[in-house]
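Everything on this sheet refers to the single structure shown next.
The values are calculated or read from the model by the stated rules, or taken from the named source; none is laboratory data. Since this is a predicted model, take the numbers as computed values, not measurements. When we count neighbours, we look across all protein chains shown, and the Cβ atoms used for this are built from the backbone with ideal geometry, even at glycine. Note: areas computed on protein heavy atoms with side chains; ligands, DNA, RNA excluded. Shrake-Rupley method; radii C 1.70, N 1.55, O 1.52, S 1.80 Å.
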Amino acid sequence: MTGKKLLSVRNLEITFRTEGEDIPVVRDLSFDLDHGDTLGIVGESGCGKSITALSLLGLVPSPPGRISKGQILFEGEDLVQAGERRLNQVRGNDISMVFQEPMTSLNPVYTIGEQIAETARVHFGLSPAKAWARAVEMLDLVGIPSPDTRAHDFPHQLSGGMRQRVMIAIALVCEPKLLIADEPTTALDVTVQAQVFDLFQELKQKIGAAIILITHDIGVVAQMTNRVMVMYAGRKIEEGPVAEFIRDPRHPYTRGLVSCIPRLRLPPDDHPAPLFEIPGVVPSPWELNRPGCAFAPRCARAMARCRTENPVLAPLGDGRAAACWLETEAAA
Amino acid sequence: MLKGSLRKLLNALLLMIAVLVLNFTLIHIAPGDPVEALVGEMGGATPELIAELRSRFGLDQPLYVQLGTYLGRIAQGDFGHSLYYDQPVTALIAERIGPTILLVTTALFSAIALGTVLGVFSAQRRRSVLSHLVTVISLAGFSAPVFWVGIMLILLLSVSVPLLPISGMSSADSAASGLFYILDVLHHLVLPALTLALIYLAFYSRLSRASMLEVLGSDYIRTARAKGLPKRMVIYKHALRNAILPVVTFAGLQFGQVISGAVLVETVFAWPGLGTLAFESILRRDTPTLLGILFFSAVMVVVMNLVTDVVYRRVDPRIKAR
Ligand SMILES: Nc1ncnc2c1ncn2[C@@H]1O[C@H](COP(=O)(O)OP(=O)(O)OP(=O)(O)O)[C@@H](O)[C@H]1O
Ligand SMILES: [Mg+2]
């Protein structure tokens, strides 16, 4: 691939129209992804992770939502400018997505085989028989036992974990270049969660697609991805390689986040450390029209400047960056 | 599966008996005496004749004996004789059911077809002219009484512009036969069917619009779009198949209620169907006929419920599992 980035998001802004006003829920967001790379996106509920993911597929619910600024360059092509017809060629074919809700994300009136096969028919122009065979193959790949009989099942006949496997099969049937998984295991039992992540690990080797994994769980990010991006109130506030990030988080919010990971393996004589909690709650989007860092009201180390000026994202070397005045001033 | 069907049939049977008992009791509790009504129409009669009539119809027996006799006869398929027409009730019903079914099916099917199309399109463009039109139609259809709509249509399409006949099912003076007879009937059918269809249309366009809106907002539609399926596949394959489920249910229910649905329209347009017969039987205190019609319409409801059940199973795979 001519040295082009697989994905390059530039200054993305997404707004939702609320009471006649366009309220930004994602602001000035930029990030890159190479072929075969894995990126974790973490952040508190409502910080804009899902809406960012949907925007990559041109699926921001509109109205009331819309992409108001920026570019989404996929192999150099700006998807923000792309028409519906072009987007349909990209969706499910070049970029596909696994959603958070396996129980409701499959159509109840069609068999799972059909729901996988139709994607292959539409994008690859396969004959019905070939597409069905491909669907069975995919079910096998995602670890569904006796796939040729199971393909005739309807979604309600499967457990949540099995349905999420089917969703993964749908997402992978056209061998996408980018797979987005939006909290793919949040709705599942803990044991099933582990199985689904094992499946992701295994498939990551096999398919070589780039992966964006959205999650609340830093532990999962540490296991699954190379790089991580932290969002807070619609902005990117920190990013970097996972190992350094976990060892030495820079933004006060991410420090809090990392110290929230319960440490299970303790030396025998050690007492468990008390679980850390970040005080306060995420501000709602419309509270954010005031100047200053969105995290300042909850930040123990906030300075006067933090309440008046929004921090810029400062590079910290090794591909790391953080948006915090403390870092900028330490560097100066 | 077989056991389930058997239980359903048994339930239906019990229900029918309950309906018979209830109808019978209610009508006999209601004020008004069939013999007096009959005598009134004959222009008076001697007390002897009245007593004779009473004993001939068994009306001098206690109510529970009458009920027993009635149930016994029905078990043998005998619904008795009309007190007004000199005809068995079953023959009367057989004669009148055709026009009613013709009227109601025409109205219901055109309303369902058009209503679903309107609902589906307007759900996709919530701010379009079409969408507002659907809202207006359904509001009007819901608030306007059937007979008023009927009379307005008569004024519009037979009085101002004399296009369509006002009443009946065929022209009295014509001895037309074959194709001409059919055309004549269709000509007469337009107004009553249109009236009834407008009422149903209000309902179905609203129902399918609401259902479609709900489905379009569901997660599996988002999945279908994320797969890159073309819009027509998202709408007609993934959304419509789900959105149609409530339409199927209500169509079945309403088809079962043909007769009650048709009473007012038939009366306005003097359409010679079961609805008119029911209405007249009430006025004439023609109890056997009325009971026959009521029973028949209860049977229709039960049968249509069973049919709807079967259809529903075909459309919604989740039902089969249970
Ligand atoms: N359809 C919508 N209409 C209005 N606002 C919306 C809509 N969808 C999302 N938002 C707003 O966009 C913001 C970001 O939502 P998003 O779903 O991306 O959060 P998230 O980070 O994925 O949260 P979670 O971890 O809970 O999934 C939220 O503040 C939410 O209120
Ligand atoms: Mg989310």
Scan of region A:210-220 for residues that are under 14 Å from A:A181 (Cα atoms) and away from ligand 1 (no atom under 14 Å from the Cβ), ordered by number
A:A210, A:I211
Residue in region A:66-73 that is buried (at least 21 other Cβ atoms within 10 Å of the Cβ) and not polar (S, T, N, Q) present
yes
Do we have A:N88 as buried (at least 18 other Cβ atoms within 10 Å of the Cβ) and touching a Gly at 6+ places or on another chain (Cβ under 6 Å) here?
yes
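Identify, please: which residue in region A:44-61 is more than 6 Å from ligand 1 (Cβ to nearest atom), of a type in the set (A, V, I, L, M, F, W, C) and not in a loop (DSSP other than H, G, I, E, B) and is, among those, farthest from A:L87 (Cα to Cα)? Walk me through it before giving the result.
Residues of region A:44-61 more than 6 Å from ligand 1 (Cβ to nearest atom): A:44, A:52-60.
So of that shortlist, the ones also of a type in the set (A, V, I, L, M, F, W, C) come out as A:53-54, A:56-57, A:59-60.
Then keep just the ones that are not in a loop (DSSP other than H, G, I, E, B); that gives A:53-54, A:56.
Details: A:A53: 14, A:L54: 12, A:L56: 10 Å.
Among them, the one singled out is A:A53.
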Filtering region A:136-168 down to residues that are open to solvent by 40 Å² or more (accessible area, probe 1.4 Å), under 18 Å from A:F99 (Cα atoms) and away from chain B (no Cβ under 12 Å) yields A:S159, A:M162
Candidates B:A210, B:A226, filtered to the one that is hydrophobic (A, V, I, L, M, F, W, C), touching a Gly at 6+ places or on another chain (Cβ under 9 Å) and within 14 Å of another protein chain (Cβ to nearest Cβ)
B:A226
Can you pull out every residue in region A:47-99 that is more than 30 Å from A:R165 (Cα to Cα) and of a type in the set (S, T, N, Q)?
A:S68, A:Q71, A:Q81
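I'd like to check which helices (runs of 4 or more DSSP H) are fully inside region B:143-239 and have at least 2 residues that are surrounded by fewer than 14 Cβ atoms within 10 Å (Cβ to Cβ). Working first, answer last.
Values: elements: B:146-154, B:179-216, B:219-226.
Because the criterion is at least 2 residues that are surrounded by fewer than 14 Cβ atoms within 10 Å (Cβ to Cβ), the helices (runs of 4 or more DSSP H) in region B:143-239 that meet it are B:146-154, B:179-216.
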So if I check each of A:A181, A:A133, A:A171, which one is part of a helix (DSSP H, G or I) and either within 13 Å of another protein chain (Cβ to nearest Cβ) or of a type in the set (V, I, T) (or both)?
A:A171
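Residue by residue through region B:232-244, note down the ones that are more than 7 Å from chain A (Cβ to nearest Cβ) and of a type in the set (D, E, K, R). Working first, answer last.
Looking only at region B:232-244, we keep the residues that are more than 7 Å from chain A (Cβ to nearest Cβ), and these are B:232-237, B:239-240, B:243-244.
Those that are more than 7 Å from chain A (Cβ to nearest Cβ) and of a type in the set (D, E, K, R): B:R232, B:K237.
Among the listed residues A:S45, A:S62, A:S50, identify the single one that is surrounded by fewer than 16 Cβ atoms within 10 Å (Cβ to Cβ) and within 17 Å of the chain's Cα centre (by Cα). Spell out the reasoning first.
Working: A:S62 fails: within 17 Å of the chain's Cα centre (by Cα); A:S50 fails: surrounded by fewer than 16 Cβ atoms within 10 Å (Cβ to Cβ).
Result: A:S45 is the single residue among A:S45, A:S62, A:S50 that is surrounded by fewer than 16 Cβ atoms within 10 Å (Cβ to Cβ) and within 17 Å of the chain's Cα centre (by Cα).
Mind checking which helices (runs of 4 or more DSSP H) fall wholly inside region B:262-322 and carry at least 1 residues that are buried (at least 21 other Cβ atoms within 10 Å of the Cβ) and in contact with a helix residue (DSSP H, G or I) (Cβ under 6 Å, 6 or more places away or on another chain)? Show your work before the answer.
Values: elements: B:274-283, B:287-315, B:317-320.
Hits in region B:262-322: B:274-283, B:287-315.
When you scan region A:96-104, do you find a residue that is over 18 Å from the mean Cα position of the chain (by Cα), within 28 Å of A:V122 (Cβ to Cβ), within 16 Å of ligand 2 (Cβ to nearest atom) and within 12 Å of chain B (Cβ to nearest Cβ), even just one?
At the first step, the residues of region A:96-104 found to be over 18 Å from the mean Cα position of the chain (by Cα) are A:103-104.
So of that shortlist, the ones also within 28 Å of A:V122 (Cβ to Cβ) come out as A:103-104.
From what is left, the residues that are within 16 Å of ligand 2 (Cβ to nearest atom) are A:103-104.
Checking which are within 12 Å of chain B (Cβ to nearest Cβ) leaves us with A:103-104.
Yes.
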Taking the criterion of being more than 13 Å from ligand 1 (Cβ to nearest atom), within 14 Å of chain B (Cβ to nearest Cβ), over 25 Å from A:A294 (Cβ atoms) and surrounded by 18 or more Cβ atoms within 10 Å (Cβ to Cβ), would at least one residue in region A:15-37 satisfy it?
no
Counted residues, region A:280-299 - those being in a loop (DSSP other than H, G, I, E, B), open to solvent by 80 Å² or more (accessible area, probe 1.4 Å) and either in contact with a helix residue (DSSP H, G or I) (Cβ under 6 Å, 6 or more places away or on another chain) or at pLDDT below 75 (or both):
2
Residues of region A:312-332 classified as touching a Lys or Arg at 6+ places or on another chain (Cβ under 9 Å) and free of Cβ contacts under 8 Å to residues at least 24 places away in the same chain, total:
1
